[in-house]
Amino acid sequence: DDGADILDIGGESSRPGAMPVSAAEELNRVVPVIEALAGKITVPLSVDTTKAEVARAAVSAGAEIVNDISAMRFDPEMAATVRESGAAVVLMHMRGTPRDMQEGDLGYKSLWGEIIGFLAERIAAGVAAGIPEERMMIDPGLGFGKTAADNLKLINGLPECRVLGRPILMGPSRKSFLGTITGS
């Protein structure tokens, strides 16, 4: 009612330092929510997961989008799951894993060059796996393995992603860099 275009349901934290949870735990967290909402709201439901097993169950329960922060890299079955389910997929840029993405050297030789190159490769991998390009969206990964300055560059330069020809999704909420730049 407040204007959301998509409702993204996730059962595993992706904040910096987060530890993974089992597929069983993630299923217990997301499937009942998706089942309760499916058919009762007018916006598409998305499942935020890197696990093919969770994606399959979520789509069966009513999710229409798989939002995979790993861009289908963490689970070798994810591309086939997305292809077979008919769901759309969000491919996000991230270095490392949530547990270690903010550690080490966060520098980029070319922030946009690396992100665009990575996302182009992941789109190509999806097409090679039989997923129609029309079912893919991209996310430059605000806050995922980037500095506060990088995140501001992503926001200001978001039109750079248009070169990929895919719809762009960005999740700026609850990001620690917002506190850094506002001093709160």
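The values are calculated or read from the model by the stated rules, or taken from the named source; none is laboratory data. Every value quoted in this text rests on a predicted model; they were computed, and no experiment measured them. Glycine gets a Cβ as well: all are built from the backbone with ideal geometry, and neighbour counts include every protein chain shown. Protein only, heavy atoms only, side chains kept; ligands, DNA and RNA dropped before computing areas. Shrake-Rupley method; radii C 1.70, N 1.55, O 1.52, S 1.80 Å.
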Worksheet item: From the set of residues in region 54-73 that are of a type outside the set (Lys, Arg) and assigned to a loop (DSSP other than H, G, I, E, B), which is nearest to the chain's Cα centre (by Cα)?
Response: ILE69
Worksheet, complete the sentence: Of the residues in region 1-43 that are touching a residue at least 24 places away in the same chain (Cβ under 8 Å) and of a type in the set (D, E, K, R), the one that is surrounded by the fewest Cβ atoms within 10 Å (Cβ to Cβ) is ASP5
Item to complete: Filter region 74-90 down to residues that are part of a loop (DSSP other than H, G, I, E, B) and either within 26 Å of PRO16 (Cβ to Cβ) or in contact (Cβ under 8 Å) with a residue 60 or more places away in the chain (or both), then give me how many there are.
Response: 3
Practice prompt. Quick one: in region 91-115, of everything that is in a helix (DSSP H, G or I) and without any contact (Cβ under 8 Å) to a residue 24 or more places away in the chain, which residue is least open to solvent (accessible area, probe 1.4 Å)?
Written response: GLY113
Practice prompt. Being outside any helix (DSSP H, G or I) and among the charged types (D, E, K, R) is the filter; apply it to region 130-153 and report the residue that is nearest to PRO16 (Cα to Cα).
Written response: LYS146
Fill in: Every residue from region 116-152 that is among the hydrophobic types (A, V, I, L, M, F, W, C) and touching a residue at least 40 places away in the same chain (Cβ under 8 Å)
ILE116, PHE118, LEU119, ALA120, ILE123, ALA125, ALA129, ILE131, MET136, MET137, ILE138, PHE144
